[in-house]
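Peer 1: Got a structure for you, questions after.
Bear in mind these aren't lab numbers, they're just calculated from the coordinates by the rules spelled out. This is a predicted model, so every value here is computed, not measured. Ideal geometry is used to build each Cβ from the backbone, glycine not excepted, and the neighbour counts take in all protein chains shown.
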Amino acid sequence: MAHSLSAKKRVRQNAKRRTINRARKSQIKTQIKHFDATLAGGDVEAASGQYQAIVQKLDKTAAMSTMHKRTAARKKSRLAKKLNSLKVEKG
């Protein structure tokens, strides 16, 4: 357990940041699950809209250092690949 005042404050700050970061990551995971479900349904228009929302959320999360920028870029790339394959499939 922390003894000094500054160490105690740091513990409080870390706990607060951890809950915020976990919430952000959870929101992204939920959005990706909805996106995958929409892709499985074959709705290109809805999937495109969801993709834009996910990209925006990933960029914001990466900018706030909750997630590394390359991790966000990798996730965006994989989602774009899925969306583009659906677009080609639908013609």
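Peer 1: Take the cross-link list Lys33/Lys90; Lys9/Lys75; Lys33/Lys75; Lys57/Lys81 and give me the ones stretching past 24 Å between alpha-carbons.
Peer 2: Violating the 24 Å limit, Cα to Cα: Lys9/Lys75.
Peer 1: I've got another one for you. Only Cα pairs under 8 Å and at least 6 apart count here; give the relative contact order of the chain as a rounded whole percent. List each step's numbers first, then the result.
Peer 2: Values: 40 pairs, mean separation 24.0, N = 91.
So the answer I get is 26 percent.
Peer 1: Would you indicate which of (i) 110; (ii) 87; (iii) 95 is the value of volume of the Cα convex hull per residue in Å³ derived from the coordinates of this structure?
Peer 2: This structure yields the entry labelled (ii).
Peer 1: How many nm is it between the label spots at Gln52 and Asn14, if each spot is 7 Å from the Cα in line with the beta carbon?
Peer 2: Distance between the two pseudo-spin positions: 4.1 nm.
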